[in-house]
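Bear in mind these aren't lab numbers, they're just calculated from the coordinates by the rules spelled out. For clarity, every value in this text was computed on a predicted model and none was experimentally measured.
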Amino acid sequence: MDTQTALTRMTGDYEIQQAFLEMSHLYDAAIREIRTRLEILDREFSIYYASNPIHHIDSRLKSPASIVEKLERKGWPVSVESAEAHLQDIAGVRIICNYIDDIYRLAGMITRQPDLELVRQKDYIENPKPNGYRSLHLVVRVPVYLSSHTELVPVEIQIRTIAMDFWASLEHQLRYKNDSEAAVSLKKRLKRCADQSAALDLEMQRIAAALKTR
Ligand code: 0O2
């Protein structure tokens, strides 16, 4: 579905397209707010501890087509109001770390910020999905200060290692494949890769810890 078709499905007319623009502005502001806080933390670590818990940060605003697809899949009405009421991942920030320890350290630093509200936390590292997916997911509400009022805007934060991210990008390409024999075999191979990369993450962390104590 192209962007214009998705917008028309969701909004119908020009006036409501304005509401979509306002929504995008708000969620984009929330993403920038979270990114700035993360960059400040990462910089602090490099100054005080000569280390960087964050390898890099990706962020995205969910596309209109993807919003419509998700609302339809979940059986919710397709509108701007419905998207705001039901979807917590319109704003998404992905933090890629070197080590598993960094993931939890960062999650703690984020959730301790007094003006951020933790809405939900899912730990797919402690409890990986059956396909092998691993990542720590937080949904937080961040205040966005507008000219006349403040809005608390949900942002989904996914925190994972480089290895977890590498795996998830490849697996993402398989998500919409049918269950042909070839796809089933690829899924099995990917599951094995997930197990191997989990072992790699653990061993790399042990080595890094040993290096620090020398
Ligand atoms: P996109 O394009 O990445 O945004 P929700 O429907 O969000 O309320 P759900 O589905 O239980 O609840 O959310 P969950 O489990 O926190 O996962 C949401 C996001 O995590 C997905 O977003 C993916 O980005 C990622 N994710 C979850 N499971 C998998 C997986 O098995 N493989 C990969 N590669 N990514 C996964 P979207 O909306 O599906 O897609």
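Each residue of the range 108-122 is assigned a 3J(HN,Hα), and the resulting list reads x, 5, 5, 6, 7, 5, x, 9, 9, 9, 7, 8, 7, 9, 10 Hz, derived from the Karplus form 6.51 cos²θ - 1.76 cosθ + 1.60 (θ = phi - 60°), x at Gly and Pro. Count the lysine pairs in the range 127-214 whose Cα atoms lie under 16 Å apart, taking only pairs 8 or more positions apart in sequence or on different chains. Total qualifying Lys-Lys pairs in the range 127-214 comes to 6. Scanning residues 5 or more positions from I125 or on other chains, those with amide H under 5 Å from its amide H are S135, with H placed 1.01 Å from N in the peptide plane.
Ordered from longest to shortest, the equivalent ellipsoid semi-axes for the chain are 33, 26, 12 Å, each the square root of 5 times a Cα gyration tensor eigenvalue. Can you run phi through the Karplus equation (6.51, -1.76, 1.60; θ = phi - 60°) for the range 139-145 and list ³J(HN,Hα) in whole Hz, with x for Gly and Pro? These are the phi-based 3J(HN,Hα) values: 10, 10, 9, 10, x, 10, 8 Hz. Between G108, G132, G92, the residue with the greatest mean-square fluctuation in the GNM of the chain (Cα pairs under 10 Å linked by springs) is G108.
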